Amino acid sequence: MRALLPFITVIVLVLLAIVGVEAANLQFLFGVVIPYAAAAIFLAGVIYKVVSWGRVPVPFRIPTTCGQQKTLPWIKQSRIENPTTSAGVITRMLLEVFLFRSLFRNLKTELREGPQLSYGSDKWLWLAGLSFHWTFLLILIRHLRFFTQNVPIPVQMLEHLDSFLQIGLPLLYITDVIFLAAVTFLLIRRFTIPQVKYISLAADYFPLFLILGIGVSGVLMRYFIKTDVVGVKELTMSLVSFSPAIPKDGPGTIFYVHLFLISALFAYFPFSKLVHMGGVFLSPTRNLANNSRMVRHVNPWNYPVKVHTYEEYENDFREKMKTAGIPVEKE
Amino acid sequence: MAKEMKPNEIIGSIDYNPPKTDWMSTPVQIKPGMFCWGAKAKSINTVGFPNARDWNPGEEDWKLPENWQGTVLEGIADRLKKYRSFRLFMDICVRCGACADKCHFYIGSGDPKNMPVLRAELMRSVYRRYFTTPGKMLGKLAGARDLDINVLKEWWYYFFQCTECRRCSVFCPYGIDTAEITIMGRELMNLLGLNIEWTMGPVAACYMKGNHLGLEPHTITSNIEFMLDDIETITGIKVNPSFNRKGAEILFVTPSGDLFADPGTYTCMGYLMLFHELGLDYTWSTYASEGGNFGFFTSNEMAKRLNSKIYAEAKRLGVKYIIGGECGHMWRVLNQYMDTWNGPADFLEVPKSPITGTVFENTKSTKMVHIVEFTADLIKNGKLKLDPSRNDHLKVTFHDSCNTARGMGFFEEPRFVAKAVCNNFYEMPEDTIREKTFCCGSGSGLNAGEDMDLRMRGGLPRANAVKFVRDKYGVNMLANICAIDRAALTTSMNYWVPGVGVTGVHELVANALVMKGEKPRTTDLRGEPLPNAGGESDV
């Protein structure tokens, strides 16, 4: 049920777009109104989310230290895994954001006869996660072709590299293949690893089905159900220049399906776990230097607390202290 | 009390396959042996926490205050505004499952709610229901659920099955730290009077008497006198420490566990012998007689209230700086919290070793040095005369304590010291040490007697790694720098890996330390005969 409902939802979204365009002629709604609305929700939602996180103070300096601290000069500090400088923290964050450093540590724990616990390297999740995110980004960059009058050189170079295998016509993009494979892997592991299945919510399946839908519709459009690329670009350019117009011989329905699923993803994004993208930058266990013995970290809401003073303590124990030969303030 | 399970019964009961029923539809079962007794009215009253009453978690009625849901929800709202970690970690988990098999309690129990992700979901589900739009609208479909009495009991049960060790946060791609969530969970429990006596008792004792064990000033001095007698018997040297002495250069603070029971007392003898040999101008305090901080396992405010004594006493006595003993969570608190709570310590000076002249630049704000840093510096500068062969009867491995590992990065110093004073040192497998170290299974105030089943399950991964080096190299001694470890691992070793002892690093130091004017040693600090005792070759 937790997987089925999200699946049905995505199917319904696809059907909505098909029916909307084919039967009801709602090209303007699906090609202009909804994408604009989705982009607005995405932008406003993500900004709101990040700002609302950013406004919450970080009362304590709590990095998770994953290497040797800075200490005596002859002991080598792990400057990235246990940073004390901004450069160290930035490097740690870059490794985290671009290479998924922490996930790279992943291990698989097994309990064998003996009993013997063993920990094997398990990089599949890291590999699939990294492939998925990177190819998603590259595909996004490739799509800049549709949003710029003259395709920028870097985008052209990327297209070139991406299709260097020179398979088929139009040329096969390697990112398309990796992207679909990675999403499929991430989806399958949710069904097949018992622990992961157990913790998965509808909110975990929905984005995967949705993204898979976007990928499949995109691939269909490029390689199988040929659509009018010129028409697509006419529409996308009209959108970015804020003079939206639906081309006369507009792109085929499959394009509207693709666009509608993307719109759904954008609109859904700020309200879902997908905001982890912004959150990783703010994570106090990763983005702080471990220097709190050298530099005082200030808690903006630090407040005075009731303590048991030395005077009260001595009042409780003065005679016992004197008998034991412990010096006291008041004889 | 539950019948204690045998090791093979525990192993046989571990099943990593989750139950058939969805976790939200699987009500919590409060199992004997897996929880600690509820906090007593007396302990709660001492520190002025709400809803003081005697209660029993095993009974149906937990004697909750009126409108407890409101109290909890207000408590969550308040903390979401105060802690970015909490707010963020409620929002950004993608449930990738990387943390699932990293938790010692999950590995030792197979209970899916001990997977860090699910432990956090216990709270996230309530957060979604009351604090997010999709949760308010879609309910269970959005992974949200009402806060009812069963949910509350589930929280209590599982937030006291987490030792805040942070191993999961090493592996999480977003650094989500279950300790942050457990800390918040326990704070919320406190608002309802739902703490455990094993932490509240020590908290109350520490508040009134200065230390968790409730040792009164004269008991502290007499306990130490017993150790001095033993030191004299073993070395022929009379050691004379001072207490609450104004004008000393250094205040020494260590967990009170070191004063009370072996093997901690041997570590304490090690400090005494080392400081005596150095002729250090230092004093103990009976008021600030606790380095550890069980307040940290109840609420941040309570932790701050207890921690305040260290700086207050340093100021009163007019010392220049502070040295801290071997303890785990104590050092996470000192590193990541103390200065923020109770600093700035501008009345102290940056610590400088009177023996080597080394200035501990890394402590220039807190002015508190870890004794192992201090000793490592001594050894590196050749200031100690050591005879490591006096530890030759030991084959030693080192257990990184969770808090010094992941809340500090204290890896090389203790290894350097241990290797300098022992000839036989072996590492456990790399996935079980340093930042990937496993908890002893009893940290964060869970080392009671009534939750032994939980403790031994949680202790399994650490013990199993010790077993590996025992079988491979004949390791018979597990060194560490944590008072809870010294108590908890002793029990865990006896249970899982009989024949392996537990020691603090400074016990090993003192065994090897050749003191001026000492008599030939025939035993180590434990009274065990030395390997070549009485031989001509003795130093």
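Of note:
- Shown in residue order for region B:98-106 are the 3J(HN,Hα) couplings computed by the Karplus curve 6.51 cos²θ - 1.76 cosθ + 1.60 at θ = phi - 60°: 4, 7, 3, 9, 9, 8, 5, 6, 5 Hz (x for Gly and Pro).
- Cα→Cβ-extended label distance, 7 Å offset, between residue B:67 and residue A:192, nm: 5.4
- A simple charge model with +1 on the Cβ of Lys and Arg, -1 on the Cβ of Asp and Glu and nothing else charged puts the dipole of chain B at about 1220 debye relative to its Cα centre.
- For region B:141-149, backbone phi angles converted through the Karplus equation (6.51, -1.76, 1.60; θ = phi - 60°) give residue-by-residue couplings of 4, 8, x, 10, 8, 5, 8, 10, 5 Hz, Gly and Pro being listed as x.
- Aspartates and glutamates with Cα under 19 Å of residue A:70, excluding same-chain neighbours fewer than 8 positions away: A:81, B:326, B:339, B:361, B:373, B:377, B:400, B:412, B:413, B:435
- Rounded if a/c under 1.5, otherwise prolate or oblate - region A:122-171, Cα gyration tensor axes: oblate
- The equivalent ellipsoid that matches the C-alpha gyration tensor of the protein assembly as shown spans semi-axes of 55, 29, 26 angstrom, in descending order.
- Per residue, the average separation of C-alpha pairs within less than 8 Å and at least 6 apart gives chain B a relative contact order of 16 percent.
- Given R0 = 45 Å, the distance between the Cβ atoms of residue A:36 and residue B:78 translates into a calculated FRET efficiency of 0.70.
- Approximate spin-label separation residue B:528-residue A:230, in nm, with each point projected 7 Å along Cα-to-Cβ: 8.8
- Where Rh is the Kirkwood radius over Cα pairs, Rg/Rh for region A:1-133: 1.16
- Checking the cross-link pairs B:352/B:516; B:20/B:81; A:273/B:309; B:419/B:467; A:76/B:81 against a 31 Å limit on the alpha carbon distance flags B:20/B:81; A:273/B:309; A:76/B:81 as lying beyond it.
- Alpha carbon centroid spacing (whole Å) that separates region A:131-153 from region B:413-476: 50
- Distance from the alpha carbon centroid of region B:212-260 to that of region B:54-119 works out to 40 angstrom.
- Ranked B:127, B:157, A:48, A:256, criterion: other C-beta atoms within 10 Å, fewest first: A:48, B:157, B:127, A:256
- Shielding of B:164-173 by partner chains, average beta-carbon count, 10 Å: 5
- Taking a point 7 Å from the Cα of residue A:97 along the Cα-to-Cβ direction, the residues of region A:263-277 with backbone N closer than 16 Å to it are A:275-277.
- Difference of contour (0.36 nm per residue) and Cα-Cα distance, residue A:322 to residue A:147: 54.6 nm
- For region B:384-539, the percent of C-alpha pairs falling in each 5 Å distance bin, counted from 0 to the bin holding the largest distance, reads 2, 10, 19, 21, 19, 13, 9, 5, 2, 1, 0.
- With K and R counted +1 and D and E -1, the other residues having a Cβ less than 10 Å from that of residue A:250 yield a net charge of -2.
- Remark: B:386, B:272 ranked as B:386, B:272, counting other beta-carbon atoms within 10 Å and listing the fewest first.
- Computed over chain B, the per-residue total of -39500 (n - 2.57) for DSSP H runs of n ≥ 4 gives a 222 nm mean residue ellipticity of -13500 deg cm²/dmol, rounded to 500.
- Pairwise FRET efficiency - residue A:302 versus residue B:141, Cβ, R0 = 56 Å, nearest 0.05: 0.85
- Normalised by the number of residues in region A:4-323, the average gap of Cα pairs under 8 Å and 6 or more apart makes the relative contact order 32 percent.
- Neighbour-count ranking [beta-carbon atoms within 10 angstrom, fewest first] of A:204, B:485: A:204, B:485
- Computed from label points 7 Å out along Cα-Cβ, the spacing between residue A:184 and residue A:108 is 2.0 nm.
- In this structure, the amide hydrogen of residue A:117, modeled 1.01 Å from its nitrogen in the peptide plane, lies closer than 5 angstrom to those of A:112, counting only residues at least 5 positions away or on a different chain.
- Rounded to the nearest Hz, the phi-derived 3J(HN,Hα) couplings of region A:159-164 under the Karplus curve 6.51 cos²θ - 1.76 cosθ + 1.60 (θ = phi - 60°) are 4, 4, 4, 5, 10, 5, where x marks glycine and proline.
- Computed over region B:203-512, the P(r) tail beyond 23 angstrom holds 53 percent of alpha carbon pairs.
- Normalised by the number of residues in region A:125-253, the mean separation of alpha-carbon contacts (under 8 Å, six or more apart) gives a relative contact order of 25 percent.
- Across region B:431-454, the residues whose backbone nitrogen lies under 13 Å from the label position 7 Å along the beta-carbon direction of residue B:494 are B:449.
- Hydrodynamic radius of chain A by the Kirkwood approach over all distinct alpha-carbon pairs: 24.6 Å.
- Distance from the C-alpha centroid of region B:301-344 to that of region B:7-30: 41 Å, rounded to the whole angstrom.
- Relative frequency of Cα-Cα separations exceeding 35 Å in chain B, percent: 35
We did not get these values from a lab; they are worked out from the coordinates using the rules stated. Predicted model only: the values in this text are computed from it and were never measured. For neighbour counting, all protein chains shown are included, and Cβ atoms are generated from backbone atoms with ideal geometry for every residue, glycine included.
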